[in-house]
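Bear in mind these aren't lab numbers, they're just calculated from the coordinates by the rules spelled out. What you see is a predicted model, and the numbers here were worked out from it, not measured in a lab. FYI the Cβ positions are ideal-geometry reconstructions off the backbone, even for glycines, and counts take in every protein chain you see.
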Amino acid sequence: MVLVGLKRGLTTLGIGLAVLGCGPGGAAAADLPNAPAPAAVRDLVFNPETTLYRPDRWEIRGGGFYHCCFVESGHTALGGEIVMPRLFAPPAWLPEFFIPRIHVGGVADLNGGTSYGFAGLLFTLNVTDRIFLEPFVGVAVSDGSALGDARHNPIGCTTLIHSGGNVGYRFDSHWSVMATLDHISNGNICSRNVGVNNYGGKIGYSF
């Protein structure tokens with residue numbers, strides 16, 4: 001009798017599990033393989049499929065800027081930079097965006113205002129195969145005036161924080177064009193902190 005009861009219990013359990021597998025919960029479980037995995041969602045946001053972005057290459061960039069604001073408003077400048085290959089290939093769990101490239105360059109004011117050299121980290125977010133966004137942050141050293149004068153904004157100190165971003169478009173795997181905001185200021189470390197903003201565009205060539 002005990003064996004018969006055990007058999008019946010196991011049979012009932014098996015039928016119950018089968019019913020659960022065919023019910024709404026079971027259907028949802030069956031659909032899970034077709035749902036986007038977390039890694040797929042991550043890649044869609046941070047690593048869209050691209051054949052034109054080559055972070056293992058060097059890149060040179062150059063262009064022109066318009067100064068804004070305050071005393072240096074209306075000044076023009078030329079800028080150039082070198083972008084190095086990414087520091088290392090990302091592990092499978094880390095999006096490409098979080099692996100920066102080092103960029104080194106400078107901005108030369110053509111009207112006797114603040115010029116500076118910079119170095120820092122450049123992060124590339126591929127929106128599509130061709131469109132990309134690039135925030136950057138680092139350090140700049142300028143020839144500007146701490147207290148300001150007729151040609152210079154009062155920047156407080158000459159060693160500054162360099163930050164900004166690019167919105168870019170790739171024509172192919174070598175050539176690209178970017179709209180750029182380039183900013184230097186001291187982050188209120190020094191007594192004055194007017195800073196300098198540059199708006200402009202650049203052309204890039206990777207090799």
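Numbers below:
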item	result
Using a Förster distance of 30 Å, the FRET efficiency for LEU181-TRP93 (Cβ separation, nearest 0.05)	0.40
Lys, Arg +1 and Asp, Glu -1 on Cβ, resulting dipole of the range 51-206 about Cα centre, debye, nearest 20	160 debye
Neighbourhood charge, 12 Å Cβ-Cβ cut-off, centred on HIS162 and excluding it, Lys, Arg +1 and Asp, Glu -1	-2
